[in-house]
Amino acid sequence: MVLIMVIIFIFSAMAGDESSAASGVFLKALEELWEDVSKHALSDKAMSNLHLIIRKIAHFTEYGALGIAASFGFKGVTEAKRKCLILSVFVSFIYAITDEIHQYFVPGRYGTFTDVLIDTCGAAVFTFIYIFLFNKKRKANEKV
């Protein structure tokens, strides 16, 4: 969990142009794929929207990983799936708030509550899926 928090912190510490360049790698690959498939270039507006979507998916996914990592620790504290989910999402939510505050002080970046909500949703969705699949797999193993 701490390792994922450090990785998130490092990404958040990137200046705005550096962060855009990092997500631009994925954007360029998608643009080339689109042009290969459709034989048409994407408009500037479409590229801008796609860039925004890539950045929000990154938020959603990295906090999903954080939620799952947190649930590993909380499974040792409680056997209750619901409590483990709530604690994992709560830790992710608090970290998302501190991350957005951190970004406020990074040149070219800004913190938004919308990103906190996206981060928290990512943690909730990924953690819920993980806990559901883990418990289903464990129950199947116990029957054997």
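A few remarks follow.
- Among the residues of segment 82-123, those identified as in a helix (DSSP H, G or I), in contact with a helix residue (DSSP H, G or I) (Cβ under 7 Å, 6 or more places away or on another chain) and farther than 21 Å from residue 57 by Cβ are 84, 85, 87, 91.
- Any hit, segment 114-123, residues being modelled with pLDDT under 95 and among the hydrophobic types (A, V, I, L, M, F, W, C): no
- Exactly one residue among 63, 95 is over 25 Å from residue 25 (Cβ atoms) and surrounded by 15 or more Cβ atoms within 10 Å (Cβ to Cβ), and that residue is 95.
- Here is the figure for segment 1-56: residues that are of a type in the set (Lys, Arg), more than 22 Å from residue 100 (Cβ to Cβ) and either at pLDDT 80 or above or part of a helix (DSSP H, G or I) (or both) total 2.
- The residue that is surrounded by the fewest Cβ atoms within 10 Å (Cβ to Cβ), among those in segment 66-81 that are among the β-branched types (Val, Ile, Thr) and assigned to a helix (DSSP H, G or I), is 77.
- Qualifying residue in segment 39-48 (condition: in contact with a helix residue (DSSP H, G or I) (Cβ under 8 Å, 6 or more places away or on another chain) and charged (D, E, K, R)): no
- When the test is whether a residue is of a type outside the set (A, V, I, L, M, F, W, C), in contact (Cβ under 8 Å) with a residue 60 or more places away in the chain and farther than 22 Å from residue 19 by Cβ, residue 63 does not pass it.
The values are calculated or read from the model by the stated rules, or taken from the named source; none is laboratory data. Everything quoted here is computed from the prediction, not taken from an experiment. Cβ: placed from backbone, ideal geometry, glycine included. Neighbour counts: every protein chain shown.
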